[in-house]
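Structure first, then comments.
We did not get these values from a lab; they are worked out from the coordinates using the rules stated. Everything quoted here is computed from the prediction, not taken from an experiment. Virtual Cβ from ideal backbone geometry, glycine too; neighbours counted across all protein chains shown.
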Amino acid sequence: MTAGNPITRTSQWGLYQQAVVDVELPGGPVRITPAPPGVVVGRFPVPHGETIHVVTAHNPRGTRASRQHNDRAHRQLLGLLRRRGLPWWPAVGGDPDGRHTEESAAIVGLSDDEARALGREFGQDAVFAWSAPAWRLLTCFGAEEALTLGWRATERPSGPSGPSMP
């Protein structure tokens, strides 16, 4: 998610709350959609107690970057994840209609603070945190704010997927 002013002062916050994320899990692709707090529908793919953080490197600092820039930044993100030995799956986040999407990584093994730091490193306003009990939106800059929602995981038709583990 792109960065700009602290997220609480931007109109992007409302858009982030509505964003959906498609994740290429080993058992097949799923779409995560936000739900009211306390609502959890579907299977969570990692052991209870772990969190999957969704981070993008696209469109840093609130600017619409070129495709070449976004592709290069995404490769840098994936290279960093490989060097750190973190398991991840390909993901794409965006608006529910699919008009705006950003290639991302769904990462296992980070704390919320580490995920925020990674988002900051790539100029992002926020990252998603998906756990068995909640779908959370974590700010990367300014106050360490979070919005906690529920989630729905819906199986998606299979599509092409890239490498998913370091």
### Query
Can you pull out the GluC sites (Glu not before Pro) in the stretch 21-109 that DSSP calls coil and that have at most 14 other Cβ atoms within 10 Å?
Glu50
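Counting helices only, and only those DSSP H runs with n ≥ 4, report the 222 nm mean residue ellipticity of the chain as the sum of -39,500 (n - 2.57) divided by its residues, in deg cm²/dmol to the nearest 500. Let's see the in-between values first.
Working: 3 runs with 35 residues, N = 166.
Only helices count here, giving -6500 deg cm²/dmol.
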### Task
Just round it to a whole percent: the fraction of Cα-Cα distances in the chain exceeding 21 Å.
40 percent
